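Here the structure is laid out as structure tokens; the discussion comes afterwards.
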Amino acid sequence: MDRVYLTFDDGPDPQWTPRILDVLATAGVPATFFVIGSAARKEPALVRRAAAEGHEIANHTFGHRHPWFIGTTQARRQVSEGAQAIEDVLGRAPRFYRSPHGRHRACMAEEARVRGETTVMWNLSAIDWGFMGRADRIATRLQRVRPGDIVLMHDGRNRHNRPDQLIQVLPGFLQELKRRQLTASLLPS
Ligand SMILES: [Zn+2]
């Protein structure tokens, strides 16, 4: 079976996360949500809903600070407090970590690793943000999906993300996956 892995970053967002969960539920596909810890603390019911509907909740740090512009202690704390927020809401620790802004930092990856979290990046980005984040362009990029791809999308606004544009093309993308017999799956642990 050919699999793909859908990931949504920067939520939970009170406006957009419920709508994306609705689309996923209609299509019957699971995804991994890399949540921001501070947002998870503000919207715990949304995190619980996503988990209850079969989605994976993963660590995207507490405050989405840029990894290169904070001190080592703060960098490690961003990872540990992001994980703690998820554990407080769900009663279990996250199993996956993704660094903010796609920027690697060794001490943060190490903090995640010692906590038992596997670092997961992506290899296909919807680029659903900024001036590139128009629905038609997002759709074109998503059409390039191939077996094994980890797909980056955003349910949280976090300044310049465009979930309003993504939501317009997400149902069509999920139908396209089915047509091509690509099975959206949870990340292997
Ligand atoms: Zn992010």
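The values are calculated or read from the model by the stated rules, or taken from the named source; none is laboratory data. Computed from a prediction, not measured in an experiment: that's the story for all the values here. Here the Cβ positions follow ideal geometry from the backbone for every residue, glycine too, while neighbour counts run over all protein chains shown. Surface areas here come from the heavy atoms of the whole protein model, side chains and all, with no ligands, DNA or RNA. Shrake-Rupley method; radii C 1.70, N 1.55, O 1.52, S 1.80 Å.
Can you compute the charge dipole magnitude of the chain about its Cα centre, using +1 on each Lys and Arg Cβ and -1 on each Asp and Glu Cβ, nothing else charged? Give it in debye, rounded to the nearest 20.
It comes to approximately 320 debye.
Would you mind getting the accessible area per residue of the stretch 84-150, heavy atoms of the protein chains only, 1.4 Å probe, in Å²?
Result: 52 Å² per residue.
Quick one: pull the percent of accessible area on the chain belonging to carbon and sulfur, 1.4 Å probe, ligands and nucleic acids left out.
49
So how do 82-89, 4-11 stack up, highest first, on mean other-Cβ count within 10 Å?
Taking the mean over residues of other Cβ atoms within 10 Å, the ranking is 4-11, 82-89.
Only bridges with both residues in the chain count here: give the DSSP antiparallel percent, nearest 5.
5
What 222 nm value per residue comes from the helices of the chain, counting each DSSP H run with n ≥ 4 as -39,500 (n - 2.57) and dividing by all residues, nearest 500 deg cm²/dmol?
Calculated from helices alone, the mean residue ellipticity at 222 nm is -13000 deg cm²/dmol.
Give me the number: length gained by fully extending M121 to R3, i.e. 0.36 nm times residue separation minus the C-alpha to C-alpha distance, one decimal in nm.
Value of the extension gain: 40.8 nm.
At R0 = 45 Å, how high is the FRET efficiency between S185 and R159 if r is their beta carbon distance? Nearest 0.05 is fine.
It comes out at approximately 0.90.
Compute the acute angle (0 to 90°) between the alpha-carbon long axis of helix 17-27 and the principal axis of greatest extent of the alpha-carbon atoms of the chain; round to the nearest 10°.
Once rounded, the angle reads 40 degrees.
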